[in-house]
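Below is one structure, written out as structure tokens; the observations come after it.
The values are calculated or read from the model by the stated rules, or taken from the named source; none is laboratory data. Please read all numbers here as calculations on a predicted model, not as lab measurements. Neighbour counts are summed over all protein chains in view; Cβ atoms, including those assigned to glycine, are modelled from backbone coordinates with ideal geometry. Note: areas computed on protein heavy atoms with side chains; ligands, DNA, RNA excluded. Shrake-Rupley method; radii C 1.70, N 1.55, O 1.52, S 1.80 Å.
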There are 2 protein chains.
Amino acid sequence: MKLLEEFIQEKGTVLPGNVLKVDAFLNHQIDPGLMQEMGKAFAERFKDLGITKIVTIESSGIAPAVFAGLALSVPVVFARKKKSVTLTDNLYTSTVYSYTKKKSNDISVSKQFLTDADTILVIDDFLANGQAALGLLEIAELAGAKVAGIGIVIEKSFQQGRELLNKTGIPVYSLARIASLENEEILFLEEE
Amino acid sequence: MKLLEEFIQEKGTVLPGNVLKVDAFLNHQIDPGLMQEMGKAFAERFKDLGITKIVTIESSGIAPAVFAGLALSVPVVFARKKKSVTLTDNLYTSTVYSYTKKKSNDISVSKQFLTDADTILVIDDFLANGQAALGLLEIAELAGAKVAGIGIVIEKSFQQGRELLNKTGIPVYSLARIASLENEEILFLEEE
């Protein structure tokens, strides 16, 4: 997606350890117009697959997911990273290791909002090692829900996540695919 | 806002301790069409105040805030509840006590995304005791930013938050105002 690649080049910064910081428009400050275009792109790609629900993870997945949900006219469920007082019982839970934060988090979705009648689209902000997406797939499996597609905002194609997701046979669509962050230079793969 | 009141009556549940659970459309599962209407309502109310940025708190403030941001053509910044590896330096921080979770959290906004040139609209999902909104006002003050308005999705008008915010002199606009949750019955105040 050209617009997203422009945002990444102009407003993204590369930190040591192949970390791409996009706090200026996605992970801390959010550009609503860009989010709307991203939501439309996800919807266009997955509109014929009978999606009944979008599942993402708080917090940075929410903005792209709600615009995709609006475009597809389906609800969005965001997995929570830890339990809250008003949300304790009847959860599907998966443990996700974050290489960035160097720790494991439980992510959970209420059984009330995900069932075997659902055909879901998983959306997340980053695909690097694939652990978050695999956690969402595990939650879908626990619920008996079908996963029709995986939509990623930014894929770091030089890490293992894409290959791990490809093995599941589920279609993966990444709006921007980064081939390399070597020498603080952002290089993209060709669009899918 | 009539549509929101209908969602609250039909899909909200009242738990002991005057807790209103709206996980079905706001705090866990999100209804994107409702979020869009809410965003438009906030924008309509605050459009003439020279807003340059919307500030909210992860996670449940994000969806209403991005639609308001889209309608006002301004960026959204969400305060983070704790520091992450990619976001450590140069933060404005405030400590917020949550009566629901019975603990204090730091909320932070990067100095990069909030300055004394900004005129901000604060948006949050709930106004009960007012601690989250006051934390955002403190962050704005640290940044030297002007706060032109406060937009709340659901106000529990029988708690102290509204009164505390009124004392600041900043206009507060709540899309739904709840007069009482006694006997598990949801009663609204008249619309503002």
*State which residue is farthest from B:T56 (Cα to Cα) when the search covers only the stretch A:28-51 and only residues that are within 12 Å of chain B (Cβ to nearest Cβ) and open to solvent by 20 Å² or more (accessible area, probe 1.4 Å).*
A:E37
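Could we say that A:S59 is touching a Ser or Thr at 6+ places or on another chain (Cβ under 9 Å), open to solvent by less than 50 Å² (accessible area, probe 1.4 Å), closer than 25 Å to A:V19 by Cα and at the interface with chain B (Cβ under 8 Å from one of its Cβ atoms) here? Walk me through how you get there before you give the answer.
Details: touching a Ser or Thr at 6+ places or on another chain (Cβ under 9 Å): yes; open to solvent by less than 50 Å² (accessible area, probe 1.4 Å): yes; closer than 25 Å to A:V19 by Cα: yes; at the interface with chain B (Cβ under 8 Å from one of its Cβ atoms): yes.
The answer is yes for A:S59.
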*Given (1) at pLDDT 95 or above; (2) surrounded by fewer than 23 Cβ atoms within 10 Å (Cβ to Cβ); (3) not charged (D, E, K, R), index of the condition A:F78 fails*: (2)
*Is it the case that some residue within the stretch A:98-117 is exposed (fewer than 13 other Cβ atoms within 10 Å of the Cβ), touching a helix residue (DSSP H, G or I) at 6+ places or on another chain (Cβ under 7 Å) and over 21 Å from A:E5 (Cβ atoms)?*
yes
*Test: B:I120 is within 9 Å of chain A (Cβ to nearest Cβ) and either of a type in the set (V, I, T) or under 21 Å from A:F78 (Cβ atoms) (or both)*: no
*Enumerate the pairs (first residue in the stretch B:17-38 and at pLDDT below 95; second residue anywhere and among the polar types (S, T, N, Q)) with beta-carbon separation below 8 Å, excluding pairs fewer than 6 apart on the same chain, so at least 6 apart or on different chains.*
B:N18/B:Q159; B:V19/A:T86; B:V19/B:T100
_Among residues of the stretch A:132-147, those that are closer than 27 Å to A:L34 by Cβ and either out of contact with any strand residue (DSSP E or B) (no Cβ under 7 Å at 6 or more places or on another chain) or surrounded by fewer than 19 Cβ atoms within 10 Å (Cβ to Cβ) (or both), counted_ = 1
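Going by the structure shown, is A:T115 of a type in the set (V, I, T), more than 30 Å from B:V22 (Cα to Cα) and free of Cβ contacts under 8 Å to residues at least 40 places away in the same chain? I'd like the intermediate steps shown before the answer.
Details: of a type in the set (V, I, T): yes; more than 30 Å from B:V22 (Cα to Cα): no; free of Cβ contacts under 8 Å to residues at least 40 places away in the same chain: yes.
So A:T115 fails the test.
Considering B:A24, B:A71, which residue is facing chain A (nearest Cβ under 9 Å) and within 28 Å of A:K82 (Cα to Cα)? Can you show your working first?
On the way: B:A71 fails: within 28 Å of A:K82 (Cα to Cα).
The conditions single out B:A24.
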